[in-house]
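Structure first, then comments.
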Amino acid sequence: MTDAQTVLSIRGAEHHYRADHAALAGANLDLYAGRITALLGPSGSGKSTLLRAIAGLERLDTGSIRLGDTIWNNEQTHLPPEARRVGMVFQDYALFPHMTALANVAFGLSGADKKARALAQLEAAELGHRAKAYPHELSGGEQQRVALARALAPQPAVVLLDEPFSGLDRRLRGELRERTVDTLRAARTTALIVTHDAEEAMAVADELALMDAGRIIQTGAPDEVWMEPVSATAAKLLGDVEIIESHISNGQAATPFGAVDAPGLEAGQRVNVLIRPRAFVLTLADHGTFTITRRRSAGPHLTCRFAGDRGEWTAQTPSPASIAVGDRVNVVLDPVYVRVVAV
Amino acid sequence: MAAAARLNRFRGWLPGRTLSLAVLAATLCAAPVLAVAWIALTGETGDYLRHLAGTRLPTYLATSAAVALIAAAGSGLIGTGLGWLMARTDFFGRRTLGWVLILPLAVPAYVAAYAWLDLSHAGGPLQAMTGGLFPTIRGSWGAGLMFALVLYPYVYLLARNAFAAQSADAYNAARTLGAGPLHAFWRTSLPMARPAIAAGLALVVMESLADYGTVSHLGAPTLSIGLIRAWSGAGSLVDAARLSLVLVLVAIFIFGLERAQRSRARNINAAGRHKPAPRLPLTGLTALAAFLACLLPLLLGMIIPLGRLGWLALRTEAASGLAAASLHSLTLAGVTALIAAALGLGTAYALRSRTTIAILAARAAGLGYAVPGAVAAVGVIALLSGTQALIDPAWRALTGEVFPILLTSTGAALVLAYLSRFAAAAISPAETALARVTPSLDGAARTLGATPRRRVWQIHWPLIAAGVTSAGLLVFVEVLKELPATMILRPFNYDTLAIIAHNFASDERLGEAALPSLLIPLVALLPMIFVARYLSRQDR
């Protein structure tokens, strides 16, 4: 990642729709040449606003957006969308309903050969045979591919995709996701994909950016972000997690399942212990400390709810397992899936 | 947040000048109604009104209620039935009938009334044929029936769209829960379409209350008759304004009901993606029955009355002045339609800015639709005479002459009254058309480098052209049909087709009334066909 060149950089982006509510509250983000960044956050976290601000469809209150040496946004400048070189795939695709697929793709092109270039773009998306179809005659997946082709055709510096798979059914989504990533890679495009689906974000991203309450709270390679969340919020964004409040003593944080090493944190510091469900190792014991309260099989693994004196937690254990509701168990933690973060 | 977000999204491409112009124009449209309210609330109570309250007012109110009720019941039955047939079944001729059924809107109710009274009066052809059994069509129920026959398309259009948009799921769920087809229809499909039907009925009731020609010809003294009498008989602006206010309040109530029902209709049908219900194919006798059921309202509302008038017109020498009257009608309708279309479009754009002032102005202009033509006319008179009184002293001091009479010297006052009345008919279709240009379409065009001009010509205009044209044509038809405001405000000796027809019909000279009466729907038919086909294409 360090070797990749920064294409677009956003600093301190702030945007208010309402005086008392900041949609963007000082967001910082870098996009790297030829890499796909996934922007993951819950709805209302400001993802779409950030995307629209990059496209120039929203004006920042403060902060800057620059492409290389070109300033797109700062206190004085607001480059209009048509003067930026961005391609955008909208959540509803926003295909022009009165134009054919070909005319849609050709819209952002100029020059005598624009038809031919548009057709080439459509053919690359394996939609050459649908060139004369109108948007309403295309399937959902085809519409998405036309929208992507339209955004890529003018060879934009950055491609922005706003929840591009949310309108599709589950099976189609996976297939189209692969295809989209392949297309973006083939075009060596710098891309930003907004999503609220953690699995999707991890699947498409070279870089993962987590967003919450108008700020980017963590960036990095997907595995790295998943393994080393910087906060409880970041951990929750990427999947189920049990959070236990504790504090540091003797370089460790105490939990109902034993103490956890917490290197680099000062004694007395209040912390959250973040435990992924698969960190819990359950062993049946006649006089175990915990009791199984619920059991649900989910194919490759088993989800168990277990209770002790100080609460109730959810564990994920390899399936099959001979655990039944009412069984007594002892629980220890696999440190690989446990992190301690300062509050 | 949403409103502000929208504002932000549209800032930048809405020229400020358009916004202020549109707001100004919309305010101008609302001014007559506001003037009526002002005069009614501040003026001295005249003797006429006091006298009226003790004598005829209860009759006016009761008749208005009866006429509106019958019109609503009739148009509700016809419109809902046809709407369901067109949305949910398939039979020979359905596609063509789908838009042809809208055409009776081109026939003014009073024209239908002239023909039907002529056909059914004592000693008329229908009584002769049935041995005196056929009832004479007159009074409250006769007027209500006429309204039902020519105004049912309002209900039909909204009901058809509602039935067509309904998911099959609710109906199917009812069937799996043990309801028979009819029971399931009654319990699910009909209630789901009810807000749309109610919105259509509200339009029918408003139009019925606004009418003057029909009720005066058939002898059903509604409030708008009382209003015209107060103005032309007693000459009291205040009394007329007071009566107007009663009508306006009723209309605002219905108007509010309609708005509320429409937004309910949207909520009911906004339930995500769903499969539309498959059409029930009709064959043999059922198909024939459906076909005839569609033909019947067309026959009664359009073909028979126009046929009768055509027959009368052929047997009577054409009255003089028809050519001039036609020209006047066409000019007034054309000019108003053009202005209204431009105004509608401008206001629709202004509305997208979501600024409070734009919303207020557009809604106030929309109020005019709920206001009977006679009220709009009274409002324009009040407005212009007020302006005149304001300017006159200064003018006299400056020039030593009386300020030229604004009121009746030109058709401008008339056009203002029409605009005040029909601006809504142009604004809301323009809004609908412009709604097709979603923010993301604009965003897409911008990110692809389109300049504002290119966006308007290549994205907006192709998407809204048909809608805006159809809005203009609808206003054209409405103005062509309009009678009471024209009666009150027309310049001296300036006759329109509607005026000539009404004058002859009130003199019982139906033969001479026939041709001008016939000319109105004939001229209106072509634009109406465009509108009908547009409206039918849109929901497919």
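Residues are listed down the side, and each one gets a yes or a no for (1) surrounded by 24 or more Cβ atoms within 10 Å (Cβ to Cβ); (2) under 19 Å from B:Phe422 (Cβ atoms):
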| position | (1), (2) |
| --- | --- |
| B:Thr469 | no, yes |
| B:Leu474 | yes, yes |
| B:Leu480 | yes, yes |
| B:Asn493 | no, no |
| B:Asp507 | no, no |
| B:Ser517 | yes, no |
Q. Do we have any residue at all in region A:91-107 that's among the polar types (S, T, N, Q) and either away from chain B (no Cβ under 13 Å) or open to solvent by 40 Å² or more (accessible area, probe 1.4 Å) (or both)?
A. yes
(Q) Give me the helices (runs of 4 or more DSSP H) completely within region A:120-225, filtered to those with at least 2 residues that are touching a residue at least 60 places away in the same chain (Cβ under 8 Å) and within 13 Å of chain B (Cβ to nearest Cβ), ordered by residue number. (A) A:140-152
Q) Quick one: in region B:429-441, which of the residues that are over 25 Å from A:Asp162 (Cα atoms) and open to solvent by 20 Å² or more (accessible area, probe 1.4 Å) is nearest to the other protein chains (Cβ to nearest Cβ)? A) B:Thr432
Q) For region B:1-90, list the helices (runs of 4 or more DSSP H) that sit wholly inside it and hold at least 2 residues that are closer than 30 Å to B:Ile228 by Cα, open to solvent by 30 Å² or more (accessible area, probe 1.4 Å) and at pLDDT 80 or above; which are they? A) B:16-42, B:57-88
Q: Scan region B:442-451 and give yes if some residue there is within 14 Å of another protein chain (Cβ to nearest Cβ), open to solvent by 50 Å² or more (accessible area, probe 1.4 Å) and either among the small types (Gly, Ala, Ser) or out of contact with any His (no Cβ under 7 Å at 6 or more places or on another chain) (or both), otherwise no.
A: yes
Q: Give just the number: which of (1) at negative phi; (2) open to solvent by 30 Å² or more (accessible area, probe 1.4 Å); (3) more than 9 Å from chain B (Cβ to nearest Cβ); (4) not charged (D, E, K, R) does A:Gly68 not satisfy?
A: (1)
Q: Select the strands (runs of 3 or more DSSP E) contained entirely in region A:258-343, then report the ones holding at least 3 residues which are closer than 24 Å to A:Trp226 by Cβ.
A: A:270-275, A:280-284, A:301-308, A:311-318, A:328-333, A:338-342
Q | Residues satisfying the stated conditions in region A:252-292, i.e. surrounded by fewer than 19 Cβ atoms within 10 Å (Cβ to Cβ) and of a type in the set (A, V, I, L, M, F, W, C) | A | A:Ala254, A:Ala259, A:Leu265, A:Ala267, A:Val281, A:Leu284, A:Ala285
Q. Among the residues of region A:177-187, is any at pLDDT 90 or above and among the polar types (S, T, N, Q)?
A. yes
Q) Can you name the strands (runs of 3 or more DSSP E) wholly within region A:53-101 that have at least 1 residues being among the small types (Gly, Ala, Ser)? A) A:62-67, A:86-89
Q) Does B:Trp116 fit the bill of being part of a helix (DSSP H, G or I) and open to solvent by 40 Å² or more (accessible area, probe 1.4 Å)? A) no
Q: Looking only at region A:4-40, count how many residues are surrounded by fewer than 21 Cβ atoms within 10 Å (Cβ to Cβ) and within 14 Å of chain B (Cβ to nearest Cβ).
A: 8
Q. Where in region B:155-217 are the helices (runs of 4 or more DSSP H), entirely inside, with at least 2 residues that are touching a residue at least 12 places away in the same chain (Cβ under 8 Å) and small (Gly, Ala, Ser)?
A. B:168-176, B:190-210
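For (1) in the same structural domain as A:Ala120 (by the TED database); (2) farther than 29 Å from A:Thr37 by Cβ, each residue gets a yes or a no:
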residue	(1), (2)
A:Leu184	yes, no
A:Asp197	yes, no
A:Ala221	yes, no
A:Asp261	no, yes
A:Leu274	no, no
(Q) Can you tell me which condition A:Gly63 does not meet? The list is (1) in contact (Cβ under 8 Å) with a residue 24 or more places away in the chain; (2) within 14 Å of chain B (Cβ to nearest Cβ); (3) among the small types (Gly, Ala, Ser), and all the others hold. (A) (2)
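On the basis of being within 14 Å of another protein chain (Cβ to nearest Cβ) and open to solvent by less than 20 Å² (accessible area, probe 1.4 Å), does A:Leu51 make the cut?
yes
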Q) Condition test on A:Ser43, is it out of contact with any helix residue (DSSP H, G or I) (no Cβ under 7 Å at 6 or more places or on another chain), open to solvent by 30 Å² or more (accessible area, probe 1.4 Å), touching a residue at least 24 places away in the same chain (Cβ under 8 Å) and away from chain B (no Cβ under 11 Å)? A) yes
Q: Kindly provide the set of residues from region B:356-402 that are buried (at least 16 other Cβ atoms within 10 Å of the Cβ) and part of a loop (DSSP other than H, G, I, E, B), ordered by number.
A: B:Val371, B:Pro372
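Among A:Leu40, A:Leu60, which is under 19 Å from A:Val204 (Cα atoms) and modelled with pLDDT of 90 or more?
From the options A:Leu40, A:Leu60, the qualifying one is A:Leu40.
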Q: Answer yes if at least one residue in region B:319-329 is buried (at least 22 other Cβ atoms within 10 Å of the Cβ), of a type outside the set (D, E, K, R), at pLDDT 85 or above and within 30 Å of B:Ile78 (Cβ to Cβ), and no otherwise.
A: yes
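The values are calculated or read from the model by the stated rules, or taken from the named source; none is laboratory data. Note that the coordinates shown come from a computational prediction; the quantities given were computed from them, not determined experimentally. Cβ sites come from the backbone with ideal geometry, for glycine too, and all protein chains shown count toward neighbours. All accessible areas refer to the heavy atoms of the entire protein, side chains included, with ligands and DNA or RNA removed. Shrake-Rupley method; radii C 1.70, N 1.55, O 1.52, S 1.80 Å.
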